[in-house]
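S.K.: This structure is in structure tokens; I'll ask about it shortly.
The values are calculated or read from the model by the stated rules, or taken from the named source; none is laboratory data. This structure is a prediction, so every number in the text was calculated from the model and none was measured. Reconstructed Cβ throughout: ideal geometry from the backbone, glycine too, with neighbour counts over all protein chains shown.
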Amino acid sequence: MNRRTFLQAAITSTGVVAVGGVGVLNPRSGLAAKPGGGPRNPLNVPPTVVPSGALTAARTQVDLGGQKISWAWAYNGFQYSGFLPGPTFRASRGDSASIQLTNALAEPTTIHWHGMVVETAADGHPGDPVQAADSYTYQFPIRQRACLNWYHPHPDMRTGAQVCFGLAGAFIVNDAEEAALGLPSGPYEVPLIVRDANLDRADNLTYNPKSSGFTGNTWLVNGTLNPQHPVDATLYRFRVVNGANARIFRLALGNGAPLTLIGNDGGLLTQAVQIGWIAISPGERLDFLIDFATLAAGASVMLKDLDSGWDLLEFVGTGAPPAPGDAGTMPTGALSSITPLSNPARTRVFDFDGMSRINGKEYDLTRIDFQVPFGETELWRFNTAGNAPHPVHVHGASFQVVSRAGGRNTVFPWERGWKDTVLLEDGETVEILIRFEGSSGVYQYRGLDKGLYLLHCHKLEHEDNGMMANFVVV
Ligand code: C2O
Ligand code: CU
Ligand code: CU
């Protein structure tokens, strides 16, 4: 299939090509549960493991909750299978990761560690496919600051399908600065991978892409349909990934209470921010606190998506006091210090054109689109004439968002600090400052063998259709 025709075939997770695509969609509208309606399923929380061991990408049956057993493509391993997403990796700054991927799918795949600064051989570049029935070990040192990253496939033209069928997981990095804050931990720190989905009549995940992006008629949080999570009377920390192919969520609490935002893609912000709602586009991450100290046993609070109206996740109070070792405190002072990038050596302009091009070109695996000098700060300007939203993502470094002109015309509180993905809406020009050397300055990834990275739209159908560029840090 070439880039022009890949969108024509809708395929279900059973591997069957569905002619006409839409015909296999679940016709029941009741799946998008109304507020308070429909039984809630216990939220899946994947086990937390150190990033050393073996992972298999395989077509497998998973439990989505409520007796809905779906064929999906899942990361199994670390004594964990039968659920989405994959296990949550947790490491400290200074550790190393060594994860052997076995590809038990019927097509090539890779793992990209979105947000992790790694050399090309570990970056899951589409030019480094792991063929069906083959294995590959991703190895990299972890030298960046504490943050929430995530892992997902990045094969040529098949990222949208593979993510939609379920391949994704969280990767948490901790460090001493973060530990000193005494934030909630253990059961009070909960990763949430939020996405939309379509199920066929037999409850199997279905992928029916459109060139404007896949949209699902229901949602999954940690692979659970219509989830519910019991919460003790204490402070919780939620580590949120937008793992959707194309959907933007606008998160808020149903009771109108603010969220306390403390971090995003690249780790902690300088200060906590109380905020009524937060928009998160595909690939972005959030780190926020919710205090359930006064939530009575049996009372509930909803995490909502204001855009779709979906009640994404219901928190139900247990009334129980927190387990002392894991209870955290609301930070009052500075969270972290962030040195602003400044004085760019040069400016680059990237136009996100149509639904498949950057600066007029569709992606070519073998073409290097530009070269970036190592260690020099650059200003990158992202424009679009239409067909947005385009969540723009850069591999190999975090960046700082400096301005947004046109459209929403502001840099939002959740876009401060270090980012690796930023939402470009129609009519907007977004400027970022970026420097390739790792957030800690200790990485030396440069040259074709180590410093080949990607710039792309993280709407996965745009990415697969060619809205992606190769660049080399030199
Ligand atoms: Cu999360 Cu290049 O992608
Ligand atoms: Cu990435
Ligand atoms: Cu796009």
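S.K.: Filter the range 384-400 for residues that are in a loop (DSSP other than H, G, I, E, B) and within 16 Å of ligand 2 (Cβ to nearest atom) and give the result. Talk me through it step by step, then tell me what you get.
M.R.: So in the range 384-400, the residues in a loop (DSSP other than H, G, I, E, B) come out as 385-389, 395-398.
395, 396, 397, 398, listed by residue number.
S.K.: Pick from 235, 167, 183, 192: which is in contact (Cβ under 8 Å) with a residue 40 or more places away in the chain, in contact with a His (Cβ under 8 Å, 6 or more places away or on another chain) and hydrophobic (A, V, I, L, M, F, W, C)?
M.R.: The unique qualifying residue is 167.
S.K.: Among the candidates 381, 357, 348, 367, single out the residue that is surrounded by 18 or more Cβ atoms within 10 Å (Cβ to Cβ) and charged (D, E, K, R).
M.R.: Step by step, each of 381, 357, 348, 367 is checked, and only 357 is surrounded by 18 or more Cβ atoms within 10 Å (Cβ to Cβ) and charged (D, E, K, R).
S.K.: From the set of residues in the range 352-362 that are assigned to a loop (DSSP other than H, G, I, E, B) and within 28 Å of residue 447 (Cα to Cα), which is farthest from ligand 2 (Cβ to nearest atom)?
M.R.: Per the stated criteria, the residue is 360.
S.K.: Considering (1) surrounded by 23 or more Cβ atoms within 10 Å (Cβ to Cβ); (2) more than 30 Å from residue 389 (Cβ to Cβ), say which one residue 214 fails and leave the rest.
M.R.: That leaves (2) as the condition not met.
S.K.: Would you mind stating whether residue 160 is crowded, with 20+ Cβ neighbours inside 10 Å, within 16 Å of ligand 2 (Cβ to nearest atom) and either of a type outside the set (A, V, I, L, M) or part of a strand (DSSP E or B) (or both)? Steps first, answer last, please.
M.R.: Working: crowded, with 20+ Cβ neighbours inside 10 Å: yes; within 16 Å of ligand 2 (Cβ to nearest atom): yes; either of a type outside the set (A, V, I, L, M) or part of a strand (DSSP E or B) (or both): yes.
Criteria met by residue 160.
S.K.: Suppose the filter is under 21 Å from residue 471 (Cβ atoms), within 16 Å of ligand 3 (Cβ to nearest atom) and either loosely packed, with under 13 Cβ neighbours inside 10 Å or not hydroxyl-bearing (Ser, Thr, Tyr) (or both); does residue 362 pass it?
M.R.: Details: under 21 Å from residue 471 (Cβ atoms): yes; within 16 Å of ligand 3 (Cβ to nearest atom): yes; either loosely packed, with under 13 Cβ neighbours inside 10 Å or not hydroxyl-bearing (Ser, Thr, Tyr) (or both): yes.
Spelling it out, residue 362 is indeed under 21 Å from residue 471 (Cβ atoms), within 16 Å of ligand 3 (Cβ to nearest atom) and either loosely packed, with under 13 Cβ neighbours inside 10 Å or not hydroxyl-bearing (Ser, Thr, Tyr) (or both).
S.K.: A further question follows. With 191, 209, 187 as the choices, which residue is surrounded by fewer than 23 Cβ atoms within 10 Å (Cβ to Cβ) and at pLDDT 95 or above? Give the steps one after another, and end with the answer.
M.R.: Working: 191 fails: surrounded by fewer than 23 Cβ atoms within 10 Å (Cβ to Cβ); 209 fails: surrounded by fewer than 23 Cβ atoms within 10 Å (Cβ to Cβ).
Just one listed residue meets the conditions, 187.
Every residue, every condition in (1) free of Cβ contacts under 8 Å to residues at least 12 places away in the same chain; (2) more than 20 Å from the chain's Cα centre (by Cα); (3) over 16 Å from residue 398 (Cα atoms); (4) within 12 Å of ligand 2 (Cβ to nearest atom), yes or no:
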site	(1), (2), (3), (4)
99	no, no, yes, no
109	no, no, yes, no
112	no, no, no, yes
141	no, yes, yes, no
147	no, no, no, no
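S.K.: Continuing with this model, one more query. Could you identify the single residue in 448, 365, 454, 379 that is within 15 Å of ligand 2 (Cβ to nearest atom) and farther than 30 Å from residue 258 by Cβ?
M.R.: From the options 448, 365, 454, 379, the qualifying one is 454.
S.K.: Give the range 391-411 a look and list any residue that's within 16 Å of ligand 3 (Cβ to nearest atom) and in contact with a Gly (Cβ under 7 Å, 6 or more places away or on another chain), or say none.
M.R.: Selection gives 391, 393, 407.
S.K.: Same structure again: Would it be correct to say that residue 273 is in a strand (DSSP E or B) and surrounded by fewer than 21 Cβ atoms within 10 Å (Cβ to Cβ)?
M.R.: yes
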